[in-house]
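Asks: Here it is, the structure, as structure tokens.
The values are calculated or read from the model by the stated rules, or taken from the named source; none is laboratory data. Note that the coordinates shown come from a computational prediction; the quantities given were computed from them, not determined experimentally. Neighbour counts run over all protein chains shown; Cβ positions are idealised from the backbone, glycine included.
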Amino acid sequence: MSGATRQVYDDIRALEYRYARLLDDDQLEEWPNLFVERGVYKVIPRENLSRQPALPIMFCDSRAMMQDRVRSLREANVYNLHYSRHVVSNVEILSARDDTYEVAACYTVYQTDLEGQTRLFSVGQYRDVIANGDGDLKFREKIAVCDTFNIPNLLAIPL
């Protein structure tokens, strides 16, 4: 756990699971609240990670930008309607310093279309920086590094 207490580890795991549940339950309006005000969210294909700059396929650099993304999903964007199911595992605190934690976790996202067909959508790793914000742990940075660069449909919903 790299210097973190069991309680901090449990709280970090709970934050990771809450993140997945909000997306799976289509509570997208709550998603930005898991981040600090100037939080960063990126989706980067693993093959782009070593490039400079590491070009993301989705990028938000503030909670307000995340809220705008949700608003556009609800009001303007056209994308494949589906149900998502996130599986988060292997949550590990890589470093802890001054109430800030570097965390890695594996993710798998399945999508089920409106006809009931389920398929694997994306597999990868979350690389997070989690900080104590307003008494609660929040994401300062969440990077979803996709192993599956060829995402079969438009990436609309956060991973």
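Asks: Run down PHE121, PHE139, PHE59 and say which single residue is farther than 30 Å from VAL8 by Cα, assigned to a strand (DSSP E or B) and under 15 Å from the mean Cα position of the chain (by Cα).
Replies: Numbers: PHE139 fails: farther than 30 Å from VAL8 by Cα; PHE59 fails: farther than 30 Å from VAL8 by Cα.
Within the list PHE121, PHE139, PHE59, the selection yields PHE121.
Asks: I need a count of the residues in segment 103-137 that are among the aliphatic types (A, V, I, L, M), surrounded by 17 or more Cβ atoms within 10 Å (Cβ to Cβ) and touching a His at 6+ places or on another chain (Cβ under 8 Å).
Replies: So the answer is 1.
Asks: Cβ contacts < 6 Å: first residue free of Cβ contacts under 8 Å to residues at least 24 places away in the same chain, restricted to segment 14-38; second residue of a type in the set (D, E, K, R) and surrounded by fewer than 19 Cβ atoms within 10 Å (Cβ to Cβ), any location; separation 6+ or different chain. Result?
Replies: Sorted first by the residue in segment 14-38, then by its partner, the pairs are LEU22/GLU30.
Asks: Additional query: With GLN52, GLN27, GLN67 as the choices, which residue is farther than 13 Å from LYS142 by Cα, among the polar types (S, T, N, Q) and over 16 Å from the mean Cα position of the chain (by Cα)? Walk me through it before giving the result.
Replies: Details: GLN27 fails: over 16 Å from the mean Cα position of the chain (by Cα); GLN67 fails: over 16 Å from the mean Cα position of the chain (by Cα).
The conditions single out GLN52.
Asks: Any idea how many residues of segment 1-45 are assigned to a strand (DSSP E or B), hydroxyl-bearing (Ser, Thr, Tyr) and modelled with pLDDT under 95? Explain how you work it out, then say what you get.
Replies: Initial filter on segment 1-45 (assigned to a strand (DSSP E or B)): 35-45.
If we keep only those that are hydroxyl-bearing (Ser, Thr, Tyr) as well, we get 41.
Remaining after also requiring modelled with pLDDT under 95: none.
Here the count works out to 0.
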